[in-house]
Amino acid sequence: MSSLRNAVKGQKFHRERHQPAARQHLGLLEKKRDYKQRANEENKKKHQLKALKRKALNRNPDEFYFHMVNSRTKEGRHHEVEAGDELPEEQLALLQSQDIRYIRQRRQLETKKLARLTAELHLLDAEGKPKNTHVFFTDDKKQARTLDVAERLRTAPELLDRAYNRPTMEQLSRMKAPRAMDEEQLDRILAEKKARYSELAKRLEREKTLSLMERRMELKRHLQNKKEEAPKKVHPGSSTQAPVYKWKTERKR
């Protein structure tokens, strides 16, 4: 306890200098160390300005400085000349590869969204897609000719064309009869379906544009390779197709 008591005695209490009542909104009075810091900074700025003025007076207007190459004087004021963004070939190739990876990532995301949206809209039987086949095995040719596919699949004949959501007769018997749909609900469903198909068309166009950009950037990266011989242009590019080049065939070691 004696050491603690001696430590308390040696402490120095810093008492703040309060402002008069009319100046209390200005806060506490600054201490001497605050004034010294502010005064030193002010004097430092004055000395810098004085040195710059002395340097300007002693300057020879006919003397050449290397800084004149990248600066201009306009109406008595100096302006820096903006240098071009000239990057080394290695850094430029790295930036382009990062751009290609970003475009590829965006295209892959669009492809996944397209697949999910197509599955939601049940476009499995859309025109232009190959029809699915289902092979049935029988004991002889006579049984194959008389085979009833609906009976074999245990479903209704009207549902044979479906590649999805094809319930069996047992499941159909357990289903409840659908309620009659009013016209307002039908219009709402049709409007929602139309909006989804519109979104699908936009995403298809976006995925096509990203694929074209990826092919163009990949082709540009290969054309910038100075180590290989310049390729021959086979087909010019267009707004919907990237140009086609043909490189000289080289034997791999």
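The values are calculated or read from the model by the stated rules, or taken from the named source; none is laboratory data. The model shown is predicted, which means the values in this text are computed figures rather than measured ones. In this analysis, Cβ positions are derived from the backbone assuming ideal geometry, glycine residues included, and neighbour counts consider all displayed protein chains.
Being of a type in the set (Gly, Ala, Ser), part of a helix (DSSP H, G or I) and loosely packed, with under 11 Cβ neighbours inside 10 Å: is that true of residue 198 here? Walk me through it before giving the result.
Values: of a type in the set (Gly, Ala, Ser): yes; part of a helix (DSSP H, G or I): yes; loosely packed, with under 11 Cβ neighbours inside 10 Å: yes.
The answer is yes for residue 198.
State which residue is nearest to the chain's Cα centre (by Cα) when the search covers only the range 124-148 and only residues that are modelled with pLDDT under 80 and under 27 Å from residue 174 (Cα atoms).
First pass over the range 124-148, keeping only residues modelled with pLDDT under 80: 124-134.
When the remaining residues are screened for being under 27 Å from residue 174 (Cα atoms), the result is 124-125, 134.
Details: 124: 31, 125: 34, 134: 43 Å.
The qualifying residue nearest to the chain's Cα centre (by Cα) is 124.
Can you name the residue in the range 149-180 that is exposed (fewer than 10 other Cβ atoms within 10 Å of the Cβ) and under 25 Å from residue 118 (Cα atoms) and is also modelled with the lowest pLDDT among such residues?
Filtering first and then ranking leaves 164.
Being at positive phi and of a type in the set (A, V, I, L, M) is the filter here, so list the residues in the range 22-39 that pass it. Steps first, please.
The first filter runs over the range 22-39 and keeps only residues at positive phi, leaving 27.
Residues satisfying the conditions do not exist here.
In this structure, does residue 90 turn out to be over 29 Å from residue 217 (Cα atoms), surrounded by fewer than 10 Cβ atoms within 10 Å (Cβ to Cβ), among the charged types (D, E, K, R) and modelled with pLDDT under 85? Outline the logic, then answer.
Working: over 29 Å from residue 217 (Cα atoms): no; surrounded by fewer than 10 Cβ atoms within 10 Å (Cβ to Cβ): yes; among the charged types (D, E, K, R): yes; modelled with pLDDT under 85: yes.
For residue 90, the condition - over 29 Å from residue 217 (Cα atoms), surrounded by fewer than 10 Cβ atoms within 10 Å (Cβ to Cβ), among the charged types (D, E, K, R) and modelled with pLDDT under 85 - is not met.
Criterion first (outside the structural domain of residue 106 (by TED's automatic domain parsing), under 30 Å from residue 114 (Cα atoms) and either part of a helix (DSSP H, G or I) or free of Cβ contacts under 8 Å to residues at least 24 places away in the same chain (or both)) does residue 219 satisfy it? Show your work before the answer.
On the way: outside the structural domain of residue 106 (by TED's automatic domain parsing): yes; under 30 Å from residue 114 (Cα atoms): yes; either part of a helix (DSSP H, G or I) or free of Cβ contacts under 8 Å to residues at least 24 places away in the same chain (or both): yes.
So residue 219 passes the test.
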